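Structure record follows, encoded as structure tokens.
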């Protein structure tokens, strides 16, 4: 037996485990490999996450303060003033609240979402410009990965009014562990709808609209890519916010409730919104919509500018090394 092994030294070789195929790193006809496209999306997302965090935090507080500490609905104007009071009292802490989980979430949230999005997109031959099918698949399949990060992010800033500071991540995880981590998945149902609207309008609609605006205006005027991107984001953002603001409210209601207390389900959250609208009309349903539109314009523009910057850098690298030839 020993001679047979000696004659065939590969018979006991450990099989090679390959997490991604070699094709993942091959430059496609778009000028980028799938790995480079994914890195550009992640880089753009990280840039956007840091820059828009103060607006994200303020919007959550406006929506969260829809109820007072006794659980009674308050006028949207009062909620807005309370959110501003928190920022005036703790400008740095409030602005940076949740940015840690959000940055970590660029990996935990965005790798599954963008990985699935671009995986489907490259498979369908769309390259780094995904379509509706890829966006839908990414929104549904990535929700279980994204939701825990969003839950932790919202819990961190949920008690600013009471404590004047962010809640420790270790404390949030400890409370969740006592319930087998199920609280981390509160809000998954509205998140799927939110994520789908975000993907269809933000990741699919905005780039296509920007391309059209660039063709119609950019080539005939002095408007550059950044300007046309801002115009496209300004057009898409109000539609996006009208669609997602009620879903965002549901997430806030479900995810800012005490982890150790009784959870709020989707239907109960909807009933809370109905009661809010009965008392305050559409202002109750669309709390935070104004700041939401501003946030969407800022976020979309920052994300796509960061993404384009990295994509251009990768494409130039590929051309310089002879891996791609522009036509």
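The values are calculated or read from the model by the stated rules, or taken from the named source; none is laboratory data. Keep in mind that what you see is a predicted model, and the values were worked out from it rather than measured. Cβ: placed from backbone, ideal geometry, glycine included. Neighbour counts: every protein chain shown.
In region 65-74, is there at least one residue being more than 20 Å from residue 258 (Cα to Cα), surrounded by fewer than 19 Cβ atoms within 10 Å (Cβ to Cβ) and out of contact with any strand residue (DSSP E or B) (no Cβ under 7 Å at 6 or more places or on another chain)? Among the residues of region 65-74, not one is more than 20 Å from residue 258 (Cα to Cα), surrounded by fewer than 19 Cβ atoms within 10 Å (Cβ to Cβ) and out of contact with any strand residue (DSSP E or B) (no Cβ under 7 Å at 6 or more places or on another chain), which makes the answer no.
Is it the case, given these coordinates, that residue 299 is surrounded by 15 or more Cβ atoms within 10 Å (Cβ to Cβ), under 19 Å from residue 83 (Cα atoms) and within 16 Å of the chain's Cα centre (by Cα)? The answer is no for residue 299.
At least 1 residues that are within 16 Å of residue 292 (Cα to Cα) in each: list the helices (runs of 4 or more DSSP H) lying fully within region 169-274 that qualify. Before the answer, list the steps.
Numbers: elements: 169-177, 188-197, 206-213, 225-255.
Of the helices (runs of 4 or more DSSP H) lying wholly inside region 169-274, those with at least 1 residues that are within 16 Å of residue 292 (Cα to Cα) span 188-197, 225-255.
Can you spot a residue in region 44-51 that is in contact with a strand residue (DSSP E or B) (Cβ under 9 Å, 6 or more places away or on another chain) and part of a helix (DSSP H, G or I)? Checked against the condition, which is being in contact with a strand residue (DSSP E or B) (Cβ under 9 Å, 6 or more places away or on another chain) and part of a helix (DSSP H, G or I), region 44-51 yields no hits at all.
Among the helices (runs of 4 or more DSSP H) lying completely within region 101-165, list those that include at least 3 residues that are without any contact (Cβ under 8 Å) to a residue 24 or more places away in the chain and under 30 Å from residue 67 (Cβ atoms). Full working, then the answer.
On the way: elements: 110-123, 132-156, 160-163.
Qualifying helices (runs of 4 or more DSSP H): none found.
Which residues, counting only those in region 76-100, are in a loop (DSSP other than H, G, I, E, B) and under 30 Å from residue 37 (Cα atoms)? Spell out the reasoning first.
Step one: filter region 76-100 for residues in a loop (DSSP other than H, G, I, E, B), giving 90, 97-98.
Scanning region 76-100 gives 97, 98.
Filter region 278-293 for residues that are over 12 Å from residue 62 (Cβ atoms), surrounded by fewer than 16 Cβ atoms within 10 Å (Cβ to Cβ) and modelled with pLDDT of 70 or more and give the result. Answer for region 278-293, where residues must be over 12 Å from residue 62 (Cβ atoms), surrounded by fewer than 16 Cβ atoms within 10 Å (Cβ to Cβ) and modelled with pLDDT of 70 or more: 278, 279, 281.
Only one of the listed residues (206, 214) is under 18 Å from the mean Cα position of the chain (by Cα) and at pLDDT below 80. That residue is 206. When 305, 268, 251, 326 are checked against the criterion of being surrounded by fewer than 16 Cβ atoms within 10 Å (Cβ to Cβ), in contact (Cβ under 8 Å) with a residue 40 or more places away in the chain and at negative phi, a single residue qualifies: 326. Test of understanding: among 163, 136, which residue is within 30 Å of residue 93 (Cα to Cα) and surrounded by fewer than 23 Cβ atoms within 10 Å (Cβ to Cβ)? Result of the check over 163, 136: 163.
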